[in-house]
Structure formats: C-alpha cells, structure tokens
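Below is one structure; the comments refer to it alone.
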Amino acid sequence: ELITVDDARIAVAKMAPNASIFWRFNYDNDSHLYYNDWQDVGFKVSFDLLSVPEKMSRRREVLKTKKLIRKRRLSLAAAILTQLNIAVVDYEDAIRKHGQTKEIGVKRKQLMEAHRRHAKLGKGRIEDVLESEARYLFSQERTLSINADVMIVKQRIRNTIGCDNTECT
C-alpha cells in the first residue's frame with residue numbers, strides 16, 4: 001500500500017516542469033576564429049504538455065491499485081477470521097464429543113463388569129460378556145478417534161493464527 005502511495009506521488013511529481021543543468025562542448029566551423037571549441041553551460045526547463053494526460057491516468061491507476069490492495073487485504077483478513085471461527089466451533093464440538101464418548105466408555109465398562117460378575121455367578125451368558133466387551137472396546141476406539149480429532153482441530157487453529165508448535169502452547 002505504501003509503495004502504491006509512493007507511485008502516486010511520483011506520478012504527480014512528474015507532472016511538474018522538469019529542470020536540469022546542462023553543460024556541453026560546441027564546435028564552431030568559422031575559420032577566422034582562433035578557438036573553434038566553445039562551452040555552453042545553462043539551465044533547461046522543460047514541460048511536456050502532451051504527457052500530462054498520461055501522467056494523470058497513471059496517478060488514477062495507482063490510486064485504484066491502492067484501493068484494490070486494501071480490499072484484498074480486508075478480504076483475506078475476513079477469510080482468516082472465518083476460518084478461525086469455523087476451527088473454534090469444530091474444536092468445541094470435538095471437545096463435547098470427546099466428553100460424551102468418555103462417559104459412554106465408562107458406562108460400557110461398568111456394564112461389561114456387571115456382565116462378567118453375572119457370568120461368574122452363573123446367572124449370565126458368555127455371549128453377553130463378549131458382546132459387552134466388544135462394545136467397550138469400540139467405545140474406547142471411538143474415544144481415541146475423537147481425541148485425534150481434537151488434536152487435529154487444535155492444529156488447525158494454530159495454523160490459522162500462524163503459530164508453529166514451538167511458538168504456541
């Protein structure tokens with residue numbers, strides 16, 4: 001943005017008359033003169049009227065570029081904030097799911113132990129014990145899977161805000 005502002009200033013400055021000092025050697029062909037080399041020193045002021053519209057157009061172009069850059073930056077910031085908001089919502093959802101699956105795992109473990117006690121007393125079937133153990137193991141697998149989802153969403157949040165694992169905790 002600052003570069004485009006400088007470009008606009010340069011375009012405006014080029015519209016002013018250009019002043020420069022010059023110095024050159026001139027040769028005179030007159031054979032009656034003892035020295036035929038002359039030096040001219042002067043000050044030139046030039047003003048190119050035909051380039052003024054082009055320079056004005058360049059200035060407008062630079063100002064429009066500045067506005068475009070500002071809009072792009074705002075769009076990028078909005079996209080990053082939206083991505084961060086989605087990541088935070090996903091994180092909260094994953095935390096909620098993790099808590100629920102842990103509670104389900106605790107209940108399934110209690111049910112599995114109850115089925116084992118029943119089977120030891122001779123009142124339950126071994127199929128019920130095996131089924132409750134399988135359900136408990138599946139709930140443990142689900143808890144670990146959702147724990148991995150929590151870690152992935154945490155990393156998404158870190159990436160969105162531009163933190164490396166070593167920089168953010």
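Quick note: the coordinates plus some simple rules give every number you see, no bench work behind them. Quantities reported herein were computed from a predicted structural model and do not represent experimental measurements.
Of note:
- Annotation: amide H of G124 within the under-5 Å range of A119, sequence separation 5 or more or interchain, hydrogens built in the peptide plane.
- Extension gain for E113-I21 works out to 23.1 nm (0.36 nm per residue, less the C-alpha to C-alpha distance).
- Cross-link reach is defined here as a Cα-Cα straight distance under 18 Å, omitting same-chain residues fewer than 8 places apart; for K154 the lysines meeting it are K97.
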